[in-house]
Amino acid sequence: MGTAEIIKDIDAGNWFSQLTYDQWVPIPVSGARPSARYKHAAAIADEKLYVSGGSRNGRYLSDAQVFDPRSSAWSSLKLKTELNSNEVEDNGLQEVLPSISDHSMVKWGSKLLLLGGHSKKSSDSMTVRFIDLDTHLCGVIETSGKAPVARGGHSATLFGSRLIIFGGEDSGRRLLNDVYALDLEKMTWDVLETTQTPPAPRFDHTATVNAERYLLIFGGCSHSIFFNDLHVLDLQTMEWSQPEIQGDLVSPRAGHSGIAIDENWYIVGGGDNKNGCPETLVLNMTKLTWSTLTIVKGRDPLASEGLSVSSTIINGEKHLVAFGGYNGKYNNEVFIMRLKPRDAPRLKIYQSPAAAAAAASVTAAYALAKSEKLDFPNISINSKGLESTREQDLAIELDSIKEDKKAFEVSLAEVRAENSRLREKIDEVNSTHAELSKELHSVQGQLMAERSRCFKLEAQIAELQKMLESLQSTENEVKILRRQKSALENEMELNATAQRQGSGGVWRWIAG
């Protein structure tokens, strides 16, 4: 079962526990649904899905909606401001939350923070709004420092008590690849200066933080190119790198959504303005390996651009929740996926230039200590308990090294097999190239011979044309001579006739 299927014959009171692992299923919704949309913002808080804004038919939306998976019901969030809250609540939400699209939403404490986005009300710098989940107050947070230029289609990733902003598109459609940090405790902006080669400017990408150190950027697009690359920013050294990725081939996409759970980064939807991406991808951030978790139909709402994906825990199990999107039509369905439990692996250190140097130093130090059997002060090894503990640690480390060795050997065997296949392909291509070269030389020789023959024929044709011109001239002269001859003969005949007539007249006169 690869496509999302409607829930049938499932106990409505306990249907979450009856879901199939790693498959998308639409949640049966009771009551009214919010309007269909895409490029909205969404976040999970108190096991509920909060959705704000978005776009539909070129119109920005200004509402805030709440979905409770347990009751399968939507409700509108009645927002208010500190001033004239009763008046605003009576008149609706338009005066509280502006119409906005392509923004970001992050839960921080008891608030939802809304960052940036495109709206009709332009501003020079990025606006930070809030929704208080306890009081439902909504407003703008005053920030200090050098704020990023106003933008939409950016990524906002929580890193400790800071939000990392990357990329996006400003109001003038200028593409960005800058990095900013917002200190959520002080509400202060900072520009993050980075080194090495950054990702190309882009928007509608996804981002996450792994191991409380690395910022990962995946996909997105420029105004003409869609990306499928992965970039990593080491937030300690501020160095960009682009690690090699194994596993399934990933098609370029933008407008997708992603959520990281432990070491797995789940990527859903997206597209290239022509086709939606039907697969749900998983990037194992420890092994740096792409895999395809499931595939839906091409026109399924999950194969949409501008959808949202969040994560929640239901009955102690982790679930993904997806909403909205556009793939030829706007969607407002809610889908859920029950995630199969996965083992948590050890930390992955990305091989940026600084990380590689650090890893080499640690490896060298460990080798030196092992070869010289260094004793460390203030540690007695006469204790049997300590020796036993160290032996257990060493055994665990040895098992770990053996597992890594096996994994490396498997990877090496796969790489060698792939290299062998590539060599065979290269040899085949070279053989084909040699045959084609011979054929090309033969055709070139034939072409040269044909060209020489054409030159000769052209020369003969030119001579024949000259001969024809000469014959035409001769024929004209013959015609002229014939006319002259005919005229001369006529003249001679007339003269002879005149002479005969003249002679007879004389004799007649004499006779008379």
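Which shape class, rounded, prolate or oblate, goes with the range 275-342 when its Cα gyration tensor gives a ≥ b ≥ c as root eigenvalues, a/c under 1.5 marks rounded, and past that a/b bigger than b/c marks prolate?
oblate
If you plug each phi of the range 294-308 into the Karplus form 6.51 cos²θ - 1.76 cosθ + 1.60 with θ = phi - 60°, what whole-Hz ³J(HN,Hα) values come out, in order, with x for Gly and Pro?
Working through the residues one at a time gives 7, 10, 10, 5, x, 9, 5, x, 6, 9, 10, 8, x, 7, 10 Hz.
Would you mind checking which residues have amide H under 5 Å from residue 208's amide H? H placed 1.01 Å from N; only 5 or more apart, or other chain.
216
Return the sequence-ordered ³J(HN,Hα) values of the range 156-167 in whole Hz as given by the Karplus equation 6.51 cos²θ - 1.76 cosθ + 1.60 applied to θ = phi - 60°, using x for Gly and Pro.
Rounded to whole hertz, the list is 10, 10, 6, 9, x, 9, 10, 9, 9, 9, 9, x.
Could you give each residue of the range 249-260 its phi-based ³J(HN,Hα) in whole Hz, using Karplus coefficients 6.51, -1.76, 1.60 with θ = phi - 60°, and x for Gly or Pro?
Those phi angles translate into 6, 10, 6, x, 6, 9, x, 7, 10, x, 8, 9 Hz.
With the cut-off at 19 Å, tell me which of the pairs 146/186; 78/120; 48/107 have Cα atoms farther apart than that.
Beyond 19 Å between Cα atoms: 78/120.
Can you pull the three principal axis extents for the Cα set of the range 229-273, in Å, largest first?
Cα spread of the range 229-273 along its principal axes, largest to smallest: 36, 21, 21 Å.
If you average the alpha carbon positions of the range 288-339 and of the range 202-236, how far apart do those two centres end up, in angstrom?
Answer, in whole Å: 20.
DSSP beta bridges in the range 140-239, what fraction antiparallel, as a percent rounded to 5?
Taking every DSSP beta bridge with both residues in the range 140-239, the antiparallel ones total about 90 percent.
Per residue, what accessible area does the range 170-278 have, given a 1.4 Å probe and all protein chains present, in Å²?
That works out to 43 Å² for each residue.
Which entries in 274/297; 274/329; 111/340; 318/402; 287/405 show an alpha-carbon gap greater than 20 Å?
111/340; 318/402
Give me, ordered by chain and number, the residues 5 or more places off residue 325 or on other chains with an amide H under 5 Å from its own placed amide H.
The list, which skips near neighbours in sequence, is 37, 38, 39, 331.
Please list log₁₀ I(q)/I(0) at q = 0.17, 0.18, 0.21, 0.22 Å⁻¹ for the range 107-215, using the Debye equation with identical point scatterers on the alpha-carbon positions.
-0.83, -0.93, -1.25, -1.35
List the residues whose amide H sits under 5 Å from the amide H of residue 314, counting only those 5 or more places along or on another chain, with H placed 1.01 Å from N in the peptide plane.
Amide H neighbours of residue 314, under 5 Å, 5+ apart: 319.
Considering the dipole of the range 122-224 built from charges on the beta carbon (Lys and Arg +1, Asp and Glu -1) around the Cα centre, which of 172, 125, 143 is farthest to its positive end?
Selected residue: 172.
Rank-order 274-281, 417-424, 74-81 by packing density, defined as the average count of other C-beta atoms within 10 Å over each peptide's residues, highest first.
Highest mean packing first, the order is 274-281, 74-81, 417-424.
If packing is taken as the average count of other Cβ atoms within 10 Å, what order do 172-182, 48-58, 135-145 fall into, highest mean first?
Working: 172-182: 17.0, 48-58: 20.5, 135-145: 14.5.
Per-residue mean Cβ counts within 10 Å order the peptides as 48-58, 172-182, 135-145.
Percent of Cα-Cα pairs per 10 Å bin, from 0 to the last occupied bin, for the range 153-302, please list those.
That works out to 11, 41, 36, 11, 1, in percent per bin.
The values are calculated or read from the model by the stated rules, or taken from the named source; none is laboratory data. Only a predicted model underlies this, so the values are computations on that prediction, with no experimental measurement involved. In this analysis, Cβ positions are derived from the backbone assuming ideal geometry, glycine residues included, and neighbour counts consider all displayed protein chains. All accessible areas refer to the heavy atoms of the entire protein, side chains included, with ligands and DNA or RNA removed. Shrake-Rupley method; radii C 1.70, N 1.55, O 1.52, S 1.80 Å.
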